[in-house]
Amino acid sequence: MRSKSTGTLLTVLSTILLSTGCASVRATDPSDPWEGWNRGMQSFNDGVDDYVMKPVAEGYRWITPDFVDQGISNFFSNIGDIRVTINDALQGKFAQSAFDGTRFLLNSTLGLAGFVDLASNVDLPKHHEDFDQTLGYWGVPTGPYLVLPLLGPSSPRGVLGVAGDVAMNPISYTGIYFASSTVSTAVSGGLGALNAADLRADNLETERIASEAALDRYAFFRGAYFSQRNYLVNDGNVPADDVLNLDEQEGLSPVQPY
């Protein structure tokens, strides 16, 4: 049995489905002027997922013991805390930045390079901040919905957010650690592939809900994306016109970025 927050994710996504009525609505949406491109790109991404990512994730889950899988997830989550700490500071959350920086240092040392999440056991919980949230905090609008090749749901602000997050990821700078460019490429590529497989395996159940329950998977993912971004940018103070006001759902937490 996997010790992840899968149950919470399933509950949140099920609620999103109910809140949107599981309806297939093809009326023009002002937040989605590029719907033709987006639907085509989602179909492409779904094909890649069906033939590559999902089989890899299922194989990864089958061969990886739960404690190893949890350790790998913890390792990449710990690397992500570098990004979280920086974005905390950029948003003026200096106390939270100090806590998240301490969390990273504790897990990186006593937590064996992050494979063991000791910080959560000493009242240093995981936070989720990224550069897209920082841009939103600075007042940059989300912009229209945009589905990216392989990366999936996003927006113009989200594209800038991804670029910023890549710049804050130490894996992006493996060329500094290795003299050989071949070794550097192999290490960064291998870590990226492992992270992708781990994330996809963690979300097999989430994807299954969308596939089986939503009459229009595209509308479902679009609504879920905007709801998640609004929740995170506003630190849970979701505007009344959001797709799903998670604050009104007892016991729920936001869908975490993948």
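The values are calculated or read from the model by the stated rules, or taken from the named source; none is laboratory data. Just so we're clear, the structure is a prediction, and the values are computed from it rather than from any experiment. Positions of Cβ are backbone-derived with ideal geometry, glycine not excepted, and every protein chain shown enters the neighbour counts.
Go through the stretch 165-182 and give me each residue that's within 18 Å of ILE82 (Cα to Cα) and not in a helix (DSSP H, G or I).
MET168, ASN169
Within the stretch 1-39, can you find the residues that are part of a helix (DSSP H, G or I), at pLDDT 50 or above and loosely packed, with under 13 Cβ neighbours inside 10 Å?
GLY36, TRP37
If I filter the stretch 129-138 for residues that are touching a Lys or Arg at 6+ places or on another chain (Cβ under 8 Å), without any contact (Cβ under 8 Å) to a residue 60 or more places away in the chain, closer than 30 Å to PHE44 by Cβ and assigned to a helix (DSSP H, G or I), do I get at least one hit?
yes
When you look at GLN42, is it over 30 Å from PRO125 (Cβ atoms), modelled with pLDDT of 95 or more and surrounded by 13 or more Cβ atoms within 10 Å (Cβ to Cβ), yes or no?
For GLN42, the condition - over 30 Å from PRO125 (Cβ atoms), modelled with pLDDT of 95 or more and surrounded by 13 or more Cβ atoms within 10 Å (Cβ to Cβ) - is met.
Which condition does SER184 not pass, out of (1) crowded, with 16+ Cβ neighbours inside 10 Å; (2) modelled with pLDDT of 95 or more, if it passes all the others?
Failed condition: (2).
Among the residues in the stretch 234-256, are any of a type in the set (Ser, Thr, Tyr) and either part of a helix (DSSP H, G or I) or at pLDDT 75 or above (or both)?
Checked against the condition, which is being of a type in the set (Ser, Thr, Tyr) and either part of a helix (DSSP H, G or I) or at pLDDT 75 or above (or both), the stretch 234-256 yields no hits at all.
Table: residues versus (1) assigned to a loop (DSSP other than H, G, I, E, B); (2) closer than 25 Å to LEU146 by Cα; (3) under 20 Å from the mean Cα position of the chain (by Cα).
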site: ASP50; (1), (2), (3): no, yes, yes
site: LYS54; (1), (2), (3): no, yes, yes
site: VAL68; (1), (2), (3): no, no, no
site: PHE76; (1), (2), (3): no, no, yes
site: ILE82; (1), (2), (3): no, no, yes
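Just wondering, is there one or more residues in the stretch 154-175 that are under 25 Å from ALA219 (Cα atoms) and surrounded by fewer than 13 Cβ atoms within 10 Å (Cβ to Cβ)?
No; the residues of the stretch 154-175 include none that is under 25 Å from ALA219 (Cα atoms) and surrounded by fewer than 13 Cβ atoms within 10 Å (Cβ to Cβ).
List every residue pair whose Cβ atoms sit under 6 Å apart, with the two residues 6 or more apart in sequence or on different chains, where the first one lies in the stretch 27-45 and is farther than 13 Å from ALA219 by Cα and the second, anywhere, is of a type outside the set (Gly, Ala, Ser) and surrounded by fewer than 13 Cβ atoms within 10 Å (Cβ to Cβ).
Note: no pairs meet the criteria.
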